[in-house]
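Asks: Got a structure for you, written out below as structure tokens; questions coming shortly.
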Amino acid sequence: MPQNKHSGKLKNTKKTHSTILELKNVSKIYQVGTQTIKALDDISLTVKEGEFLSVMGPSGSGKSTFLQVASILATPSSGKILINGKDTSTYNEIERARLRNKEVGFVFQTFNLLAKTSALENVALPLVYAGIDETTRRQKARNILEKLGLGDRLDNGPSQLSGGQQQRVAIARALVNDPAIIFADEPTGNLDSKSGEEVKKILKQLNLEGKTIIMVTHEHDVAEIAKKHISLIDGKIVNGKLKS
Ligand SMILES: Nc1ncnc2c1ncn2[C@@H]1O[C@H](COP(=O)(O)OP(=O)(O)OP(=O)(O)O)[C@@H](O)[C@H]1O
Ligand SMILES: [Mg+2]
């Protein structure tokens, strides 16, 4: 597993667990014709470095919206999001994209890999936007794919890989730029139980190595690998404990 720059910083010091993500009174309203949908309703939340947070809640409660807004993929209707202390509310599209490329990795339920593009190139892509040269890109992508057990699949495209393998490629892509936070939206939702177990193991291991993870899931046994739990109901946080 890769050493990451964010956990590395704390190596020889007492763990300070600095705040890495802060949501301040965040709401998200969707307007569809005459209908107004309040998908997030005045959410405030602090996530510290090294935390592993699960987000549960019924369908339509705002979980995906929460991840998209918290990862600055989407903008809130009101409120602020701070990543590593940087207030993103004044950022334009380009500044947001730049910060996202540097600090955010996203894993989707449906993998979202580029079709007809090899595993290696899919993983190397975020490094193109980060301005890293081709040799280094390929090296980094190869290293991380090898660590996730896909060293013999570098040249395969998504259609030549199983669901579990595709999700591992997607995790490699999320990790390749060593982001501060990994967001995962139902990362095991489309996987059979064996592949789901592999993905759970990888996420757990990444968190043990210091990576901050925020994960949406419907499944209790998946949520259990996180250390903190919240639930959303009607776009509001209900601080939750996992029932055993
Ligand atoms: N782009 C959009 N335009 C309009 N309404 C939206 C949009 N995206 C989500 N919504 C609405 O916002 C609410 C929250 O949706 P969201 O996708 O965040 O829920 P979710 O908790 O992720 O649900 P699921 O468990 O089914 O994935 C829902 O009422 C949904 O219909
Ligand atoms: Mg969702």
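Read the figures in this text as sums done on the coordinates, not as results from a lab. The shown structure was predicted, so the numbers you read here are calculated from the model rather than taken from an experiment. Neighbour counts run over all protein chains shown; Cβ positions are idealised from the backbone, glycine included.
Asks: For GLY79, what charge total do you get from the other residues with a beta carbon under 14 Å from its beta carbon, if Lys and Arg give +1 and Asp and Glu give -1?
Replies: +1
Asks: Suppose the chain between GLU134 and ASP155 were pulled fully straight at 0.36 nm per residue; how much longer would it get relative to their current alpha carbon spacing?
Replies: 6.0 nm
Asks: Can you give the angle from 0 to 90° between the axis of helix 193-208 and the longest principal axis of the chain, with both taken from C-alpha atoms, to the nearest 10?
Replies: Helix 193-208 sits roughly 80 degrees off the main axis of the chain.
Asks: Where the centre of each part is set by its Cα atoms, how far does the stretch 44-102 sit from the stretch 130-148, in angstrom?
Replies: Computed from Cα coordinates, the inter-centre distance equals 26 Å.
Asks: If I take all pairs of Cα atoms in the chain, what percentage of them are more than 26 Å from each other?
Replies: 38 percent
Asks: Same structure again: Evaluate the charge dipole of the stretch 5-239 about its Cα centre and quote only its size in Debye, nearest 20, assuming +1 on the Cβ of each Lys and Arg and -1 on the Cβ of each Asp and Glu.
Replies: That gives a dipole near 660 debye.
Asks: Of GLY151, LEU113, ILE182, which is farthest on the positive side of the dipole of the chain, counting Cα position, with +1 on Lys and Arg Cβ, -1 on Asp and Glu Cβ, and the Cα centre as origin?
Replies: Result: ILE182, furthest along the dipole toward the positive end.
Asks: Let me ask something additional. Compute the acute angle (0 to 90°) between the alpha-carbon long axis of helix 134-147 and the principal axis of greatest extent of the alpha-carbon atoms of the chain; round to the nearest 10°.
Replies: It is inclined by approximately 80 degrees.
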